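Take a look at the structure set out below.
The values are calculated or read from the model by the stated rules, or taken from the named source; none is laboratory data. Quick caveat, the model's predicted, so the values are computed rather than measured. As a convention, Cβ positions derive from the backbone with ideal geometry for all residues, glycine included, and neighbour counts pool all protein chains shown.
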Amino acid sequence: MSKLWGGRFSKDSDHLMEDFHSSIKFDQKLYREDIRGSIAHADMLGTVGVLSRAEADTLIEGLKAVQADIEEGKVAFTTEDEDIHMNIERLLTAKVGDVGKKLHTGRSRNDQVAVDLRMYVRSAVAETRQLLVDLVEVLHDLGAAHVETIMPGYTHLQRAQPVTFAHHLLAYIQMFRRDVVRLDDWQKNNNIMPLGSGALAGTTYPLDRNQTAQALDFDAPCANSMDGVSDRDFVLDYLYAASVSMMHLSRLSEEVILWASQEFAFIDLDDAYSTGSSIMPQKKNPDVAELIRGKAGRVSGHLMAMLMTMKGLPLAYNKDMQEDKEGLFDAIETWQKCLMMAAPMLKTLKVKKENMRAASEGGFTNATDLADYLVGKGVAFRDAHRIVGELVAHALDQGQALGDLSLADLQKASPQIEEDIYEAISVDTCVKRRHTKGAPGFPQVEEALDECKSWLTQQ
Ligand code: ARG
């Protein structure tokens, strides 16, 4: 089969070479965008008179027919035709005859692939955004059921101060909402149309770039033809958003794994989202969470790979840029699947409230509150810190919690301590007294959940 670009060549490509540089194996994913871009281009060529209206309409009908053939599985793409752009052009010409050869007037594969990929990422942004919103909704609903479920909050993975399960989940809600903002920023910064950039230096035809931009739902044509064909920031922006969000998913997964362990025993994962062991009959493993944690590395790997691909490229298009696709496609699919799995895993888990509460009572999470109590009785905080430290050491010796110590023992450490201490350092009081905005106090958490609910209704 002769190459569409074969005029200046006197011999065929080497077979291995053909396989090496051809991208059809992976860029066939772009067929819808490629056809949509070509329809807009052909229509515009008809409007400005570069093609007759009849020619433009024939191309448009032909392109629609090619799309139908692809979707009905009637088409076998070929590596000889290298990529999706030339495959579709060949299929079009086979369908509509010689007029098909006019489609590429005033266009290069360089601006063509740039517009295709941008539209592809733009759709991925919209889909991923919805999946993030769905996940926030699941976290919200789970949180709403656990406003008063007290659990230990940790620093250094050591029990620190009591919080609530709802408050803990609200922290993740903030992260995933920032991920949504990152996608909205993608849309603000990258919805720019490259067609008309040509190979790199624009074209000599009187193209109406505003018409194509509008037809393809872009905000504007790109301002510089060389940037138009060589900018892949829109890929990087998506990969960065994906990497950060996968990092969030991975942190949440890590906690789910810990919580599901017998050592924590804070939650029970649903059987539908767990697996067993081929040898150990007792096992129930948190595979979904482990896989999400594992896949986070691969997505940031794609971000790094793309940065490395771009960093040494002179303007304008270089074939290195064909390497933009596989990592991107994998990142889109991985991120979306992880979001789709995280949501039902969280929705179906069972919370073991009593264990969460017992853990928060057992680990001196009220020690800061005891120090604060002493401060309230006029003791300087640094002195209070030392007194409580000594009490903790004493309680550890006795195998007791602070609240189990007798009043006499407590008063030995500090005569300012009175009978009201037990109420003051119960974990319920510890949480209730944390009533600044954004803290785990029950009304504050209710308020945060309400705010989240109203955000959800605006999405
Ligand atoms: N398959 C190519 C890519 O994905 C399309 C652009 C090719 N342009 C070129 N001058 N060879 O980057």
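Table: residues versus (1) within 14 Å of the ligand (Cβ to nearest atom); (2) under 28 Å from Trp335 (Cβ atoms).
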| position | (1), (2) |
| --- | --- |
| Val50 | no, no |
| Glu55 | no, no |
| Ala68 | no, no |
| Glu72 | no, no |
| Met86 | yes, no |
| Leu91 | no, no |
| Ala94 | no, no |
| Gly100 | no, no |
| Val113 | yes, yes |
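Can you run down the residue pairs with Cβ atoms below 9 Å, 6 or more apart or on separate chains, where the first is in the range 314-336 and farther than 30 Å from Val133 by Cα and the partner is near the ligand (Cβ under 9 Å from one of its atoms) and among the hydroxyl-bearing types (Ser, Thr, Tyr)?
Here the result reads Tyr317/Ser108; Gln322/Ser23, each pair linking the range 314-336 to a residue that is near the ligand (Cβ under 9 Å from one of its atoms) and among the hydroxyl-bearing types (Ser, Thr, Tyr).
Inspect all residues belonging to the range 141-153 and state whether any of them is of a type in the set (Asp, Glu) and closer than 30 Å to Thr212 by Cβ.
no
Which is out of contact with any strand residue (DSSP E or B) (no Cβ under 8 Å at 6 or more places or on another chain) and small (Gly, Ala, Ser), of Ala371, Ala359?
Ala371
Quick one: would you say Gln336 is part of a helix (DSSP H, G or I) and more than 16 Å from the ligand (Cβ to nearest atom)?
Taking the combined requirement at face value, the residue satisfies it.
Can you pull out every residue in the range 438-458 that is closer than 30 Å to Val392 by Cα and in contact with an Asp or Glu (Cβ under 8 Å, 6 or more places away or on another chain)?
The one that is closer than 30 Å to Val392 by Cα and in contact with an Asp or Glu (Cβ under 8 Å, 6 or more places away or on another chain): Phe442.
Quick one: in the range 308-333, of everything that is in a loop (DSSP other than H, G, I, E, B) and small (Gly, Ala, Ser), which residue is surrounded by the most Cβ atoms within 10 Å (Cβ to Cβ)?
Here the answer is Ala316.
Tell me which of these Trp259 doesn't satisfy, since it passes every other one: (1) of a type in the set (A, V, I, L, M, F, W, C); (2) under 26 Å from Glu290 (Cα atoms); (3) within 17 Å of the chain's Cα centre (by Cα).
Condition not satisfied by Trp259: (3).
Can you tell me which residue is modelled with the highest pLDDT among those in the range 396-452 that are of a type in the set (S, T, N, Q) and closer than 14 Å to Glu148 by Cβ?
Step by step, filter the range 396-452, then rank; the result is Gln444.
Which condition number in (1) more than 16 Å from the ligand (Cβ to nearest atom); (2) buried (at least 22 other Cβ atoms within 10 Å of the Cβ); (3) in contact (Cβ under 8 Å) with a residue 60 or more places away in the chain; (4) more than 36 Å from the chain's Cα centre (by Cα) is the one that Gly62 fails?
It is condition (3) that Gly62 fails.
Name the helices (runs of 4 or more DSSP H) wholly inside the range 345-459 in which the number of residues that are among the small types (Gly, Ala, Ser) is 2 or more.
Qualifying helices (runs of 4 or more DSSP H): 353-362, 367-376, 381-398, 407-413, 442-457.
Going through the range 314-333 one residue at a time, which ones are within 12 Å of the ligand (Cβ to nearest atom) and either more than 30 Å from Leu139 (Cβ to Cβ) or in contact with a strand residue (DSSP E or B) (Cβ under 9 Å, 6 or more places away or on another chain) (or both)?
Ala316, Tyr317, Asn318, Lys319, Asp320, Met321, Gln322, Glu323, Asp324, Lys325, Glu326
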